[in-house]
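Notes to accompany the following structure.
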Amino acid sequence: MKFPGSVLVSLFLFVAETATALYLSSTYRSAGDRIWQSLTLLFALLPCVLVQFNLVFVHRDLSRDRPLVLLLHILQLGPLVRFVEVFYIYSQAGRVEEPYVSITKKRQMPKDGHSEEIEKEVGQAEGKLFTHRSAFSRASVIQAFLGSAPQLTLQLYICVLQQEITATRSTFMALSLLSIVYGALRCNILAIKIKYDNYDVSVKPAAYLCIFLWRSFEIATRVTVLVLFSSVLQIWILPVVLLNFFGFFFYPWILFWQSKSPFPENIEKALSRVGTTIVLCLLTFLYAGINMFCWSAVQLKLNDPDLINKSQNWYRLAVYYMLRFIENALLLVLWYFYKTDVYMYVCAPLLILQLLIGYCIAVLFMLVFYQFCHPCKKLFSSNISEGLLLCFKFFCFACKPRKPSSPTEKADLKSPDDMDEAQATYKTNESQNGNPHQSVSSNA
């Protein structure tokens with residue numbers, strides 16, 4: 001049975017970041033910075049509440065008689081209880097023979113164009129561990145993009161304003177960045193396992209490394225760009241954030257309304273129509289939070305029974321990264337023109353170049369992942385390199401200067417009416433001037 005390492009990492013980041021946030025907020029209170037204290041507590045406690053809700057929802061505790069577990073979740077101790085339960089199940093697995101097992105069928109990755117189907121026995125303990133891993137993976141994504149991402153942006157903004165980086169704040173920012181990258185990594189793995197649920201997927205270490213580097217460069221550059229822009233144009237950062245957030249929030253709903261599909265009712269039997277609407281709104285809220293900082297590997301599709309778009313849409317991916325690169329460049333240009341004396345000792349052109357190159361490096365690692373390290377690349381209907389080649393040919397054709405037409409081509413392009421008119425004009429001139437051959441013969 002596989003060791004539940006992802007559960008351990010999720011719990012460590014959750015506890016470490018929450019504890020550091022509480023300590024840092026106490027230092028803001030001691031310094032008299034009530035605004036920074038309130039915002040730090042808000043971004044620390046909001047994801048805690050949503051994580052408790054996620055764990056209760058995944059384990060379906062609302063429909064089960066477990067009042068003690070629900071009380072511990074209300075006290076924000078849910079992850080600790082689940083962690084103890086996970087390692088108790090793992091330690092007891094294999095010691096007692098399980099009376100009931102389920103058989104799952106998975107297809108192997110195609111080899112030489114053939115794919116075999118294999119059967120695997122899954123015991124109750126392994127099934128429970130799978131549910132716990134899934135719950136903690138979703139909790140990591142919530143913690144990352146509804147807590148750590150705005151928290152990192154806030155603390156970096158405070159560092160720029162105060163022109164000081166304390167040891168506690170730097171440790172907190174490092175934990176927040178690690179939490180965001182880990183949440184994005186879990187989102188990628190979750191998307192792969194949902195899209196290719198019928199296959200036995202095995203993710204190699206090289207794939208994890210590519211995703212980690214891809215997300216690290218992408219998120220770090222995005223947060224830095226937002227902080228730089230907000231430090232000089234505080235009023236205009238609000239429209240930028242709201243436009244991004246509500247654009248991605250309403251995008252799945254617009255696609256759902258265009259499809260004219262019935263309202264999804266199979267999310268949870270215990271939920272009413274209002275409860276289902278609340279769950280879907282929270283899901284699109286998380287989706288918007290992810291796309292605010294990086295590309296969401298899980299694409300929502302509300303008219304699908306699984307609520308996930310399982311097709312690989314390279315066009316949407318390319319459009320997202322092109323628009324995000326243009327947006328980052330525009331924000332950096334505006335920061336350059338409106339920068340204050342705070343950045344007196346900063347080489348602004350070099351910083352802009354480094355950030356844009358960093359974002360391009362993130363895109364490069366993304367391409368390497370999809371081209372060489374994706375565990376299901378053999379199942380792609382189209383290769384990403386082929387798509388890039390088509391885009392390159394399109395841009396070359398669009399940018400290629402058109403050659404001016406030659407005189408011979410112009411003559412070939414004359415219409416038959418113009419040719420007939422030219423011949424008639426030539427014969428008229430001959431009749432007026434006389435035939436030179438006839439004049440020569442008469443003189444002879």
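All of the numbers you see were taken from the coordinates with simple rules; none came from a lab. In this text the structure is predicted, and so the values were computed from the model without any measurement. Using ideal geometry, Cβ is built from the backbone for each residue, glycine included, and neighbour counts are taken over all protein chains shown.
Rg(Cα) of the stretch 145-302 divided by 2.2 N^0.38 Å?
1.21
Where Rh is the Kirkwood radius over the Cα pairs of the stretch 128-234, the temperature 25 °C and the viscosity 0.890 mPa s, what D in µm²/s does Stokes-Einstein return?
160
Determine the shape class of the stretch 207-250: with a ≥ b ≥ c the square roots of the Cα gyration tensor eigenvalues, call it rounded for a/c under 1.5, and otherwise prolate if a/b is greater than b/c, oblate otherwise.
Here the stretch 207-250 falls in the oblate category.
So what are the ³J(HN,Hα) numbers for the stretch 309-314, from phi and the Karplus equation (6.51, -1.76, 1.60; θ = phi - 60°), rounded to whole Hz, Gly and Pro as x?
Listing the rounded values in order: 7, 8, 7, 8, 9, 5 Hz.
Across the stretch 321-372, what fraction of all alpha-carbon pairs, as a whole percent, falls in each successive 5 Å bin from zero upward?
In order of increasing distance, the bins hold 5, 18, 23, 20, 14, 9, 6, 3, 2, 0 percent.
What list of ³J(HN,Hα) values in whole Hz, one per residue of the stretch 323-334 in order, does the Karplus curve 6.51 cos²θ - 1.76 cosθ + 1.60 (θ = phi - 60°) give from phi, with Gly and Pro shown as x?
These are the phi-based 3J(HN,Hα) values: 5, 5, 5, 5, 5, 4, 5, 5, 5, 5, 5, 5 Hz.
Under a 5 Å amide H to amide H cut-off, with H placed in plane at 1.01 Å, what residues pair with ILE308 once short-range neighbours are removed?
LYS301
Which distance in Å, rounded to a whole number, links the C-alpha centroids of the stretch 277-353 and the stretch 153-176?
Centre-to-centre distance over Cα atoms comes out at 22 Å.
Within the stretch 182-203, name every residue whose backbone N is under 20 Å away from a label modeled 7 Å from Cα of GLU116 along the Cβ vector.
Within reach of a label on GLU116: 198-203.
Return the long-range amide H neighbours of TYR199 (sequence gap of 5 or more, or a different chain), with a cut-off of under 5 Å between placed amide H atoms.
Those lying under 5 Å, H to H, from TYR199 are ARG107.
Evaluate the stretch 11-50: find the radius of gyration of its Cα atoms, find its Kirkwood radius, and give the ratio Rg to Rh.
Result for the stretch 11-50 is an Rg/Rh of 1.01.
For the pairs LYS128/LYS377; LYS120/LYS301; LYS106/LYS260; LYS2/LYS195; LYS260/LYS377, note any where the Cα-Cα span goes beyond 27 Å.
Violating the 27 Å Cα-Cα cut-off are LYS128/LYS377; LYS120/LYS301; LYS106/LYS260; LYS260/LYS377.
Dividing the convex hull volume of the Cα atoms of the stretch 225-295 by its residue count, what figure in Å³ per residue is obtained?
Numbers: hull volume 7.5 nm³, N = 71.
Spelled out: Cα convex hull of the stretch 225-295, divided by residues, is 106 Å³.
Hey, what do the phi angles of the stretch 21-34 turn into as Karplus ³J(HN,Hα) couplings, whole Hz, using 6.51/-1.76/1.60 and θ = phi - 60°, x for Gly and Pro?
Per-residue couplings from phi come out as 5, 5, 5, 5, 5, 5, 5, 5, 5, 5, 7, x, 8, 5 Hz.
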